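Structure first, commentary second.
The values are calculated or read from the model by the stated rules, or taken from the named source; none is laboratory data. Everything quoted here is computed from the prediction, not taken from an experiment. Neighbour counts are summed over all protein chains in view; Cβ atoms, including those assigned to glycine, are modelled from backbone coordinates with ideal geometry.
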């Protein structure tokens, strides 16, 4: 069950020290809503009472060491005028983007996280989960990193062309999101979040070269991470990265933990990051959790844990969002095996 020392264990992992236990996480939001069975995902993502009910039940049932309150990629952007669609059990996603023009940026108003859109609901859920569980779990909020935010405002491909066509507008837009994502992250930390899940998947190596990452994504992300740290919050950075050169750059950002994508060679990543940055990951949620058997799940957890526990600086997690249709017996196999192996 949830335990009082989990935050100390996370901090020990971040400091490259030996924890009492390896914390065990799972990106299980969609799965948890289906398992709970009372509400659609849209209902949970728009109502603090239902969110707290589902998350609390899932934490107790599956023994997660965190409450991961990421929800979807739209919370910061729907209040800026970006079209966002989703219904039932289909997560909201950005679709109708704003024009990549100076006038668009000029007309953007900085939203108030305490008043704008669904963010007050999310803050309320963070407060209540922290009140319910105290320090026996790690409560984790979520934001998009500044470079990825530009893509969620203008469209995924637009920042990649703006690097060549209008780099000044791109950098100005990213600067706007440094401020927004700092404010919104600090509001979650003030509400009780122990960490912020900072998603920068648009800066993934399949989209940016290391040089482009350094020029456009690195420093803005670093500024946000530094602001969270100053406020006492940890940052869990998620680019779903698999490229060693890109992971090496992420190690310089100052993030407390880097989440590794399921396509990475985890042994190579562990060797490359040893003594530099704590990592989490990278169980495959599709090929292993969704399509595999409980025996395959247990074997993969054992393999990844054996790699991660060598040296220091490791937290167990899967590599990406767990699908809602993962068999319950596979999730039980994941958590049972990981917990049994969690003694450091």
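Things worth noting here:
- Matching entry among 38, 50 (being surrounded by fewer than 16 Cβ atoms within 10 Å (Cβ to Cβ) and more than 23 Å from residue 200 (Cβ to Cβ)): 38
- Single residue of the stretch 231-253 satisfying the filter (in a loop (DSSP other than H, G, I, E, B) and in contact with a helix residue (DSSP H, G or I) (Cβ under 7 Å, 6 or more places away or on another chain)) that is nearest to residue 142 (Cα to Cα): 233
- Flag if residue 198 is under 17 Å from the mean Cα position of the chain (by Cα) and surrounded by fewer than 24 Cβ atoms within 10 Å (Cβ to Cβ): no
- Enumeration of residues in the stretch 134-149 that are surrounded by 20 or more Cβ atoms within 10 Å (Cβ to Cβ) and either at pLDDT below 95 or not in a loop (DSSP other than H, G, I, E, B) (or both): 138, 139, 140, 141, 142, 143, 144, 146, 147, 148, 149
- The residues in the stretch 81-98 that are in contact with a strand residue (DSSP E or B) (Cβ under 7 Å, 6 or more places away or on another chain), assigned to a strand (DSSP E or B) and surrounded by 12 or more Cβ atoms within 10 Å (Cβ to Cβ) can be counted, and the count is 8.
- Considering residues of the stretch 201-212 that are in a helix (DSSP H, G or I) and over 19 Å from the mean Cα position of the chain (by Cα) only, the residue surrounded by the most Cβ atoms within 10 Å (Cβ to Cβ): 212
- Residue that is surrounded by the fewest Cβ atoms within 10 Å (Cβ to Cβ), among those in the stretch 184-195 that are more than 15 Å from the chain's Cα centre (by Cα) and within 16 Å of residue 70 (Cα to Cα): 192
- The stretch 248-278: number of residues that are in contact with a strand residue (DSSP E or B) (Cβ under 9 Å, 6 or more places away or on another chain) and on the phi > 0 side of the Ramachandran plot: 1
- Every listed requirement among (1) out of contact with any helix residue (DSSP H, G or I) (no Cβ under 6 Å at 6 or more places or on another chain); (2) surrounded by fewer than 22 Cβ atoms within 10 Å (Cβ to Cβ); (3) touching a residue at least 12 places away in the same chain (Cβ under 8 Å); (4) assigned to a helix (DSSP H, G or I) is met by residue 180 save one, (2).
- Some residue of the stretch 100-107 being modelled with pLDDT of 95 or more, in a loop (DSSP other than H, G, I, E, B) and either over 23 Å from the mean Cα position of the chain (by Cα) or surrounded by 18 or more Cβ atoms within 10 Å (Cβ to Cβ) (or both): yes
- Residue in the stretch 159-172 that is buried (at least 19 other Cβ atoms within 10 Å of the Cβ), at pLDDT 95 or above and in a loop (DSSP other than H, G, I, E, B) present: no
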